[in-house]
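A short worksheet on the structure shown next.
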Amino acid sequence: MANAPTTPNAPTTLTVDGVEYPVASLTNNAKAMVNTIRMADREMRRLEASLSLARIARQALGNSLKAELATIKKADAPATTH
């Protein structure tokens, strides 16, 4: 998704579903929607990176917990009563 031009290097067309649109022909509302979509894309990339870090941290903590538990005497299985 392209953005409305704000710099000299900005794209002059926007392609949506394989159809190109001249950015100059977009309404202000369409330009605002493009900007919001781009903002949402950036936020999703940021959140995906955060989730990836959380998964790595969780795995590392799980490994550390297993190592810690290996040093502790295991409790006997609880007796069952019927």
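Details
- Amide H partners (placed H, <5 Å) of residue 21, local residues excluded: 14, 15, 16
- Working note: Karplus 6.51/-1.76/1.60 with θ = phi - 60° gives segment 36-41 the couplings 5, 4, 4, 5, 5, 4 Hz, where Gly and Pro are set to x.
- Working note: Karplus 6.51/-1.76/1.60 with θ = phi - 60° gives segment 62-71 the couplings x, 5, 5, 5, 4, 5, 5, 5, 5, 8 Hz, where Gly and Pro are set to x.
Read the figures in this text as sums done on the coordinates, not as results from a lab. Predicted, not measured: the structure shown is a model, and the values here were computed from it.
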